[in-house]
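Here is the structure we will look at.
Please treat every number below as a calculation from the coordinates, not as lab data. This one's a predicted model, so the numbers in the text were calculated from it and none came from an experiment. Using ideal geometry, Cβ is built from the backbone for each residue, glycine included, and neighbour counts are taken over all protein chains shown.
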Amino acid sequence: MNKIEHLGIAVEDLKASSKLFEMLLGNAPYKEENVESEGVTTLFFNLGESKIELLQSHSSDGPIGKFISKRGPGFHHVAIAVNDIEFEIKRLKEAGFEVLNDIPKQGADNKLICFLHPKSTGGLLVELCQERN
Ligand code: ZN
């Protein structure tokens, strides 16, 4: 595993949060992207070697919508960059971690992704991500 690729933050209002994070980080977002498969619109900010991803749900019953109605907006997941996501999925499953998708899926920002269930990681939602070539 290489580094923290990004931190995912669940937000209720992408426009308002975009302004807030632009002030906080001192730079503008570089990308906005709809991820239909996840039911979210995402916005990315560069932060040194890492990024901040804001996620707004398209509906209240998507994963981010449900998260916000349970816990309110805020920190949602940590994404770790890996070179070989299929190898890491296999390695982590063998080590007893629960993966939410066995087969890597298309995520935002041109990545292949896989989530690990928080109940197997001590409460942290972990996203593995591999840059697509
Ligand atoms: Zn993410």
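Step through the table entries 66/90; 51/111; 31/105; 15/119; 70/90; 51/105, compare each Cα-Cα distance with 24 Å, and write down the pairs that go over it.
Working: 66/90 29 Å; 51/111 14 Å; 31/105 20 Å; 15/119 32 Å; 70/90 31 Å; 51/105 20 Å.
66/90; 15/119; 70/90, as the Cα separations exceed 24 Å there.
Just add up the charged neighbours of residue 1: K/R +1, D/E -1, any other residue whose Cβ is under 11 Å from the Cβ of residue 1. Intermediate values should be presented prior to the final figure.
Details: positive: 3, 91; negative: 5, 84, 88.
Result for the local shell: -1.
For the chain, what are the DSSP H helices with axial Cα length of 18 Å or more and mean Kyte-Doolittle hydropathy of at least 0.0? Before the final figure, lay out the partial values.
Numbers: long enough: none.
Both cut-offs are met by no helix.
Rank 76, 54, 107 by how far each Cα sits towards the positive end of the charge dipole of the chain (+1 on Lys, Arg Cβ; -1 on Asp, Glu Cβ) and give me just the farthest.
Value computed over the given set: 76.
Could you calculate the contour length gain from residue 93 to residue 19, that is, 0.36 nm times the residue separation minus the distance between their Cα atoms, to one decimal place in nm?
Full extension from residue 93 to residue 19 adds 22.7 nm.
Over 19 Å apart: what share of the alpha carbon pairs of the stretch 1-122 falls there, rounded to a whole percent?
The proportion of pairs with Cα distances above 19 Å equals 49 percent.
Measure of size requested: the Rg and Dmax of the stretch 1-65, with Cα atoms as the atom set and Å as the unit; please supply both.
11.9, 34
Please identify, among 79, 95, 16, the residue showing maximal mean-square fluctuation in a Gaussian network model of the chain using a 10 angstrom Cα cutoff.
In the Gaussian network model the winner is 95.
Which residue fluctuates most in the GNM of the chain (Cα springs below 10 Å): 55, 24, 116?
24
Counting DSSP beta bridges in the chain, what percent are antiparallel, to the nearest 5?
In the chain, approximately 75 percent of DSSP beta bridges are antiparallel ones.
Taking 0.36 nm per intervening residue step and subtracting the Cα-Cα distance, what contour gain separates residue 61 from residue 133 on full extension?
Separation in residues times 0.36 nm, less the Cα-Cα distance, equals 22.7 nm.
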